[in-house]
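Only one structure is covered here, and it is reproduced in the block below.
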Amino acid sequence: MNQQQAKTTSLSMKTLLNEIDPIVEAEPHANPRMDRRTFLKITGAAGAGLILAFNMGSKVKAASSVSDAVLNAYIRITPEGGIYIYSKNPEIGQGIKTAMPMIVAEELDADWADVMVEQSPIDAARFGQQGAGGSRSIARNWNTMREAGAAARHMLVQAAADEWRVPVAECTTDKSFVVHGPTGRRAAYGALAETAASLPVPPTGSLTFKNRKNYTLIGARKGGVDNLAVVTGKPLFGIDQAVPGMLFAVYEKCPAVGGTVRNANLDEILALPGVKHAFVLDGNGNDMELMPGVAIVATSTWAAFQAKEQLRVEWDETDASKDSWNSLQQMAQTLKDQPGEKVLHETGDVEAAAAGAATSVEAFYTYHFAAHANLEPQNCTASYKDDAIELWVPTQSPTRGVTAVARLLGISEDAVTLHQTRVGGGFGRRLVNDYACEAAAISRAIKVPVKLTWTREDDMQHDFYRTGGFHAFAGGLDAGGKLTAWQDHVITFSNDGEKAVIAGVPRQPEHEFPAHLIENFRLSQSLLPLRTRCGLLRAPGSNTRAWAIQSFLHELSEAAGRDHLEFLLDVMGEPRWLPPQTPYGLNTGRAAAVIRLAAEKAGWGKALPDGRGLGLAFHFSHAGHFAEVAEVSVDEARQVTVHRVTVAADIGPIINMSGVENQVQGSVVDGLSVMAEQEITMEQGRIEQANFDTYSLLRMESAPMVDVHFIQSENPPTGAGEPALPPLAPAVCNAIFATTGHRVRTLPLSKEGFYI
């Protein structure tokens, strides 16, 4: 077990959106291939053994040592037989620190007991873009990780064959050994490492990969490499970090975005116990980096928190947000019966199809803003000295963090050293590095290392929220109950009157489900003004669109008098790839397969205990095909019990079965928590929820049983952390209808008097 534990090392919204585009949009470069020049072999000092490295770029300078090469080192084998594998992307609980090295180790044919995983340094020149979001880590790195392992295995085999003076073809590998078949001779990887390091790097085209039937690691259940360290309280997380001589900081910002500091009782704050500094920062005009506010620096976090409670700031709110959720809802009500201001995508003749429909259905769906509410509050430790800065930060986008801090401080990116810590929950919130920028600005102001820690109230009221929004649907069915017309008028928000805020509408509306499955289809939008900061929350966009679309599909199947399973399969039609027709796009055959599997495993059509109902929903997002069935009961007080959720998924071959099951189960619980009571509202630009007493998290006793089933197809592997969440809400709401006859058209459920 000890050898498998990680070795801890000290290591514009448009930009953010580009970082985690849906994988279908990024497919041409999602799995970059490497030519022979992208593999570099380097020999470390003092007998470090074999280090295999590669760079994502097309032009790499070959070199014989770390000091004179631009490279990405992923594998290091010591003479003693230790196999060190770098994991380059942030670990935010999604299991990537275990899964990515498993791919390398599989092709290397390493004994997992010999493997030690290290979090890589943050270095764009060596590792390219480093970040975690969009469930893209596996998809983007599948080929490169396989090639890294296969190339190292080839070099080790060649080294053994040369030493034994036998043909390479007579040599195989087995659990960190090279084996000569005819004689049975064996050589450990560690004994071969130095010789292997001197050999030519094999061309990528010459590499051979394991057949899936021979996998011993991929698809197995492996505990997380940090598990022991996490449960024994090792300092892995950002909030755990400490550096010599550091002080402790808090930062107060205007409750309404856009407000600035007019004056504050700084002298009173400076007189409080433990307080060393209190001063105003003007901000840099970028709400994603540094908003105006008041910094307090003290000898302990507690002293800083206590001082913050006594801080009195007069804010200038002349240009601050005046957003009101109540007003926005009223504005949406006036727009819902009108045509959308802009047609995003249209096919066929919607008016003619609607006029000729045997049955017409209309519905209006509303969903509230939501916060990320990650349990580790935003924090960063920063040390500014001699026009350079060192950061210890739990971030999902470390490469972007380096850029943002350098820009804020007016220094080069080379002067920013960022150590990636383990992240105590991200869900998209930590794609923005505002808290790192705040810590950096405070440390520069006082020239002392500081640890900035947000309070829960800071975190709740200065989030980048999942947008609320509205869908006005109209659908038409022919006499046979077949769906013939579809209209979706999305009412969402804009910061500039022209472009929807992040995740408000799909980035590729022409490919939005069910655009390619209905002959007469229209998707339109209307925009309402908004100043509130919005961002990406787990399964961005899909987490709300899936609920509205799949719930309305259920309304249509009920109006048609058809079984919902049959209706969904009919909508999917014949098996085929839908545009843009990539391996990471929607395939109706894969969709139908997971729908059937979820229904079968949940007992669809079978008798249920009295008072229970089933709800079925499907959604495709982040290259994942997921169907879910919720088994629900509702008592007379509208208390909802979700007894079981059955999940069926096709995300290609599973890397770590333990990790992916964990992700799916977590997605179900997370989705249930968000849909139950969580809502963010604002008046006069101020967020009205401040802590978990007004923003409830699901309790353990409300968690359902979650059954997870995978179709391990031959398609390229993708992630599970995001696409498992979207079908949950419509499955539960469809089950509530099956149980009570009440159609839920507002989330959270508490807005319609239901509670989980």
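The values are calculated or read from the model by the stated rules, or taken from the named source; none is laboratory data. Just so we're clear, the structure is a prediction, and the values are computed from it rather than from any experiment. Positions of Cβ are generated from backbone atoms using ideal geometry, with glycine treated the same way; all protein chains shown enter the neighbour counts. Ligands, DNA and RNA are excluded from the accessible area calculation, which covers all protein heavy atoms including side chains. Shrake-Rupley method; radii C 1.70, N 1.55, O 1.52, S 1.80 Å.
Residue by residue, here is whether (1) β-branched (Val, Ile, Thr); (2) touching a strand residue (DSSP E or B) at 6+ places or on another chain (Cβ under 8 Å) holds:
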| residue | (1), (2) |
| --- | --- |
| 692 | no, no |
| 695 | no, yes |
| 706 | yes, yes |
| 716 | no, no |
| 741 | no, no |
| 746 | yes, yes |
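Could you tell me whether the stretch 453-469 includes any residue that is of a type in the set (Ser, Thr, Tyr), open to solvent by less than 30 Å² (accessible area, probe 1.4 Å), under 24 Å from residue 91 (Cα atoms) and not in a strand (DSSP E or B)? The answer is yes, given that some residue of the stretch 453-469 is of a type in the set (Ser, Thr, Tyr), open to solvent by less than 30 Å² (accessible area, probe 1.4 Å), under 24 Å from residue 91 (Cα atoms) and not in a strand (DSSP E or B). So is residue 510 at negative phi, touching a helix residue (DSSP H, G or I) at 6+ places or on another chain (Cβ under 9 Å), surrounded by fewer than 21 Cβ atoms within 10 Å (Cβ to Cβ) and assigned to a helix (DSSP H, G or I) or not? So residue 510 passes the test. The residue of the stretch 620-632 that is farthest from the chain's Cα centre (by Cα), among those that are open to solvent by 10 Å² or more (accessible area, probe 1.4 Å) and of a type outside the set (D, E, K, R), is 620.
Listed here are the residues, each with its yes/no results for (1) touching a strand residue (DSSP E or B) at 6+ places or on another chain (Cβ under 6 Å); (2) of a type in the set (D, E, K, R); (3) farther than 19 Å from residue 540 by Cβ.
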{"site": "586", "(1), (2), (3)": "yes, no, no"}
{"site": "602", "(1), (2), (3)": "yes, no, yes"}
{"site": "616", "(1), (2), (3)": "yes, no, yes"}
{"site": "636", "(1), (2), (3)": "no, yes, yes"}
{"site": "658", "(1), (2), (3)": "no, no, yes"}
{"site": "665", "(1), (2), (3)": "yes, no, yes"}
{"site": "670", "(1), (2), (3)": "no, yes, no"}
{"site": "673", "(1), (2), (3)": "no, no, no"}
{"site": "680", "(1), (2), (3)": "yes, no, no"}
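Listed by first and then second residue, the pairs linking a residue in the stretch 549-570 that is under 16 Å from residue 590 (Cα atoms) to a residue that is open to solvent by 20 Å² or more (accessible area, probe 1.4 Å) and in a loop (DSSP other than H, G, I, E, B), with Cβ atoms under 6 Å apart and 6 or more places separating them unless they lie on different chains, are 565/604.
Across the stretch 317-345, what is the number of residues that are within 33 Å of the chain's Cα centre (by Cα), open to solvent by 40 Å² or more (accessible area, probe 1.4 Å), under 24 Å from residue 747 (Cα atoms) and not charged (D, E, K, R)? Summing the residues that are within 33 Å of the chain's Cα centre (by Cα), open to solvent by 40 Å² or more (accessible area, probe 1.4 Å), under 24 Å from residue 747 (Cα atoms) and not charged (D, E, K, R) in the stretch 317-345 gives 6.
Taking the stretch 442-452 as the range and being farther than 29 Å from residue 697 by Cα and open to solvent by 10 Å² or more (accessible area, probe 1.4 Å) as the test, the residues that pass are 444, 445, 446, 447, 448, 449.
Taken over the stretch 516-549, the criterion of being within 20 Å of residue 723 (Cβ to Cβ), touching a Leu at 6+ places or on another chain (Cβ under 7 Å) and of a type in the set (A, V, I, L, M, F, W, C) is satisfied by 536, 539, 547. Reported count of residues in the stretch 475-501, each being closer than 21 Å to residue 344 by Cβ and buried (at least 20 other Cβ atoms within 10 Å of the Cβ), is 15. For the stretch 288-316, the set of residues classified as assigned to a loop (DSSP other than H, G, I, E, B) and open to solvent by 50 Å² or more (accessible area, probe 1.4 Å) consists of 299, 310, 312, listed by residue number.
Out of the stretch 618-655, which residues are farther than 27 Å from residue 606 by Cα and of a type in the set (Phe, Trp, Tyr)? Talk me through it step by step, then tell me what you get.
Taking the stretch 618-655 and keeping what is farther than 27 Å from residue 606 by Cα, we get 621-624, 651-655.
None; the set is empty.
A count restricted to the stretch 258-283 and to residues that are assigned to a loop (DSSP other than H, G, I, E, B), farther than 17 Å from residue 445 by Cβ and either open to solvent by 50 Å² or more (accessible area, probe 1.4 Å) or in contact with a helix residue (DSSP H, G or I) (Cβ under 9 Å, 6 or more places away or on another chain) (or both) stands at 4.
Restricted to the stretch 523-556, and to residues there that are out of contact with any Pro (no Cβ under 8 Å at 6 or more places or on another chain) and of a type in the set (Val, Ile, Thr), the residue that is farthest from residue 670 (Cα to Cα) is 532. Against the test of being under 27 Å from residue 490 (Cβ atoms) and either of a type in the set (Asp, Glu) or in contact with a strand residue (DSSP E or B) (Cβ under 7 Å, 6 or more places away or on another chain) (or both), the options 545, 562, 590, 612 yield a single qualifying residue, 590. Does residue 132 qualify as being farther than 24 Å from residue 416 by Cβ, assigned to a loop (DSSP other than H, G, I, E, B) and not charged (D, E, K, R)? No. Scanning the stretch 559-582 for residues that are within 18 Å of residue 616 (Cβ to Cβ) and not in a loop (DSSP other than H, G, I, E, B) returns 559, 560, 564, 565, 566, 567, 568, 569, 570, 571, 572. Taken together, 429, 444, 422 contain a single residue that is closer than 12 Å to residue 385 by Cα, modelled with pLDDT of 95 or more and of a type in the set (D, E, K, R), which is 444.
Conditions tested, residue by residue: (1) at pLDDT below 95; (2) open to solvent by 10 Å² or more (accessible area, probe 1.4 Å).
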| residue | (1), (2) |
| --- | --- |
| 706 | no, yes |
| 712 | yes, yes |
| 727 | no, no |
| 736 | no, no |
| 750 | no, yes |
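Pairing each residue of the stretch 617-641 that is on the phi > 0 side of the Ramachandran plot with any residue that is open to solvent by 10 Å² or more (accessible area, probe 1.4 Å) and of a type in the set (Gly, Ala, Ser), provided the two are 6+ apart or on different chains, yields C-beta distances under 6 Å for 622/135; 638/753.
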